[in-house]
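Q: This structure is in structure tokens; I'll ask about it shortly.
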Amino acid sequence: MSMQTGLATSTTQLRTYAPATDVSVAAPAPRLEIARAEPGTAQRNLRTEPGPIRFIIIALAIAFLSVFVVLPLVVVFASALSKGVVAYVAALAEPEALAAIKLTLLIAAISVTLNLVFGVVAAWAISKFEFTGKTFLITLIDLPFSVSPVISGLVFVLLFGAQGYFGPWLQAHNVHVLFAVPGIALATIFVTFPFVARALIPLMQEQGTQEEEAAISLGASGLQTFFRVTLPNIKWGLLYGVLLCNARAMGEFGAVSVVSGHIRGETNTMPLLVEILYNEYQFVASFAIASLLAMLALITLVAKTVLERRLDEAEVPDGD
Amino acid sequence: MAIEVRNIVKTFGSFAALDNVDLKVADGELLALLGPSGSGKTTLLRIIAGLDWPDSGEVAIDGENALSRGASERQVGFVFQHYALFRHMTVFENVAFGLRVQPRAIRKDEATIRARVKNLLDLVQLDWLANRYPSQLSGGQRQRIALARALAIEPRILLLDEPFGALDAKVRKELRQWLRSLHNEIHVTSIFVTHDQEEALEVANRVVVMDKGRIEQIGSPGEVYDNPATAFVHGFIGESIVLPVDVAGDAVRLDGRPLNIPALGAASGAAKLFVRRHDMAVGPAGTGALEGAIRHVRSFGPIQRAEVALSGSEGKTVIEIDAPRDRELQAGEIVSLQPRRYRIFAAQE
């Protein structure tokens, strides 16, 4: 294991130990095919692979998952608890750790709230209206996905840093953006922007505009139409997007690392603190924080599964 | 309420969806807008509802300018082809929606709303479905609920966009008759869009035939069927035999040979002869305007349908005629054909 610092290496290290960020990247697409392929396997033996081949493929998948997902998770928790529960709790009760947890929660709250609003507005505009430049807007929404998080952070340094475009003005007016909460929030918002919009656009496009048109022709105002018809129809998709957005907001490392300034007890989020503690050989403390992030990943995973089921059922609401 | 549409023009990019359309609908009428897809009939309906806006022209509902009001203020009931029921609401709440979103000042109290919804569900004979969700209903039931929902706001006019388009043939037929009797009962001015000629002729008091953004003919079902105003209407409504002919003065020629029928005032030049299948009288060879060899006969019900290859066209022109079963036709037989009723329209480019 390398002890080097430097952005690139530490990012990869974190990804391996605390897969919270990776969970959010998983695309929801394949679940439908799996669900459809399952029933009927008994009757269609000719259309599936022979037993031994199936066994090998399944074994390969399980082996892969064990090595790359389960094992790292086990290591995280094992290392965190290697000196006992007392040391684990003490590590989390450190003022620095508490400050990092608080900051992470604050940043997540800010960026999820704002992206919830932006995402719904963007998805609404894209799916319910025709206008020129729509494709361009969709590309723009995807931009944070295709840009390296480090670049996303650097953009804000270039804009708000001491040598940046707005830096001198901000300094003159004593406004702190970089190396402070606003900068971290901005970088996180930028990186997590696509999640809500991406979750909603296909759903809203599929639902079309007919129910909204029906509501309007029945005399509903724009707001009534949104709150009584559009929002109830997208609530599960919206929750799904919020969930992924939150997981990424809490786990974001690259962009935040660039704009944070790593001021101890002030601008370190949980992922940043994990790296710092690790580089200082405080393994228990480092893995204790990492275990919290890993826990977040597990909760996200369970919630995601539940939500996906609700999304599938959204077409057929039960109740009689 | 009467509806008046004047000089409506609507284009989508370079496509002219409506090209200077004028239409008057009288109070209490049940009018069908009939045409193939792309004829502009749905666009016209959506413009009247306020779901689309014309590039130019006027729409008046009961004498007042409708274009100065949005869809939500027009008090127009709209029924969609795919129902557009609110999927997260029960049937009851769907129907109640229009009453619940009314401005507080005129909103009814809960008891009144409940009573009104119950009445409407009784009217569409589906009160027993009140607590179901739309996904638990059949297509025909959904469309009736959609109609009840549209009627809840006491619409001044009722607009139906291909209301039976998504239903299977049997349900379609039932709902057609049901819509007619419902209209007799509540008498609200209604316009429905359809591409199904049978539906238009069977349900409407008056039929508006549209093609390529223009109105081709307006008339009663009998008029548009028996006296089609244009070649398009003749071809679109009912099955027609169409033959390319030349008109010179009062003489009509097919493939250069004179047909023994008057031109009925058609202009000289290339033209098309339209005859209904059942308006072609079959006689012994040498007695009619046309002659041909019967290729194939199928008999069902009161008619026999014969494929006839016309002589003088080297057997290339084959027409289908419907003859009564008073004399059984035989394949291979040479017969003469005489159009009893026909129309000649100048050929279009």
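The values are calculated or read from the model by the stated rules, or taken from the named source; none is laboratory data. Note that the structure is predicted; figures quoted are calculated from it, not measured. Backbone-built Cβ (ideal geometry, glycine too); neighbour counts: all protein chains shown. Surface accessibility is based on the protein's heavy atoms, side chains included, excluding ligands, DNA and RNA. Shrake-Rupley method; radii C 1.70, N 1.55, O 1.52, S 1.80 Å.
Q: Failed condition for B:GLN125, given (1) closer than 27 Å to B:ARG180 by Cα; (2) in contact (Cβ under 8 Å) with a residue 40 or more places away in the chain; (3) part of a loop (DSSP other than H, G, I, E, B), with all others met?
A: Failed condition: (2).
Here's the yes/no breakdown for (1) farther than 25 Å from A:GLN207 by Cα; (2) β-branched (Val, Ile, Thr); (3) surrounded by fewer than 23 Cβ atoms within 10 Å (Cβ to Cβ); (4) out of contact with any Phe, Trp or Tyr (no Cβ under 8 Å at 6 or more places or on another chain):
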site	(1), (2), (3), (4)
B:VAL9	yes, yes, yes, yes
B:PRO36	yes, no, yes, no
B:ALA60	yes, no, yes, yes
B:GLN81	no, no, yes, yes
B:GLU110	yes, no, yes, yes
B:LYS118	yes, no, yes, yes
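Q: If you don't mind, there's one more thing I want to ask. Might you check whether a residue that is over 30 Å from B:MET89 (Cβ atoms), away from chain B (no Cβ under 12 Å), open to solvent by less than 10 Å² (accessible area, probe 1.4 Å) and assigned to a helix (DSSP H, G or I) occurs anywhere in the stretch A:230-247? Spell out the reasoning first.
A: Taking the stretch A:230-247 as the starting set, the residues that turn out to be over 30 Å from B:MET89 (Cβ atoms) are A:247.
Narrowing further to those that are away from chain B (no Cβ under 12 Å): A:247.
Adding the requirement that they be open to solvent by less than 10 Å² (accessible area, probe 1.4 Å) leaves A:247.
After this cut, where a residue has to be assigned to a helix (DSSP H, G or I) as well, the list is A:247.
Yes.
Q: Every residue in the stretch B:61-91 that is more than 8 Å from chain A (Cβ to nearest Cβ) and small (Gly, Ala, Ser), please.
A: B:GLY63, B:ALA66, B:SER68
Q: Only residues that are open to solvent by 70 Å² or more (accessible area, probe 1.4 Å) and either on the phi > 0 side of the Ramachandran plot or of a type in the set (Ser, Thr, Tyr) (or both): list them for the stretch A:112-143, please.
A: A:THR113, A:THR132, A:THR135, A:THR139
Q: Can you name the residue in the stretch B:11-34 that is open to solvent by 40 Å² or more (accessible area, probe 1.4 Å) and of a type in the set (A, V, I, L, M, F, W, C) and, of all such residues, is nearest to B:LEU182 (Cα to Cα)?
A: Narrowing the stretch B:11-34 to residues open to solvent by 40 Å² or more (accessible area, probe 1.4 Å): B:11-16, B:19-20, B:22, B:24, B:26-27.
With the extra rule that they be of a type in the set (A, V, I, L, M, F, W, C), the set shrinks to B:12, B:15-16, B:26.
Values: B:PHE12: 36, B:PHE15: 37, B:ALA16: 35, B:ALA26: 18 Å.
The extreme case among them is B:ALA26.
Q: Residue by residue through the stretch B:272-286, note down the ones that are in contact with a Leu (Cβ under 9 Å, 6 or more places away or on another chain) and open to solvent by 60 Å² or more (accessible area, probe 1.4 Å). Reasoning before the result, please.
A: Step one: list which residues in the stretch B:272-286 are in contact with a Leu (Cβ under 9 Å, 6 or more places away or on another chain), which gives B:272-275, B:280-283.
The answer is B:LYS272, and nothing else.
Q: Another question about this same structure. Quick one: count up the residues across the stretch A:190-228 that are outside any helix (DSSP H, G or I) and either more than 9 Å from chain B (Cβ to nearest Cβ) or in contact (Cβ under 8 Å) with a residue 12 or more places away in the chain (or both).
A: Our first condition is that a residue be outside any helix (DSSP H, G or I); within the stretch A:190-228, this holds for A:193, A:208-209, A:218-221.
In the following step, the residues that additionally are either more than 9 Å from chain B (Cβ to nearest Cβ) or in contact (Cβ under 8 Å) with a residue 12 or more places away in the chain (or both) were identified as A:193, A:209.
Adding up the residues that qualify gives 2.
Q: Using the structure shown, decide if B:GLY140 is outside any loop (DSSP other than H, G, I, E, B), in contact with a helix residue (DSSP H, G or I) (Cβ under 6 Å, 6 or more places away or on another chain) and more than 10 Å from chain A (Cβ to nearest Cβ). Full working, then the answer.
A: Numbers: outside any loop (DSSP other than H, G, I, E, B): yes; in contact with a helix residue (DSSP H, G or I) (Cβ under 6 Å, 6 or more places away or on another chain): yes; more than 10 Å from chain A (Cβ to nearest Cβ): yes.
Criteria met by B:GLY140.
Q: With B:ALA148, B:ALA130 as the choices, which residue is closer than 24 Å to B:ALA204 by Cβ and of a type in the set (Gly, Ala, Ser)?
A: Details: B:ALA130 fails: closer than 24 Å to B:ALA204 by Cβ.
Going through B:ALA148, B:ALA130 in turn, the sole match is B:ALA148.
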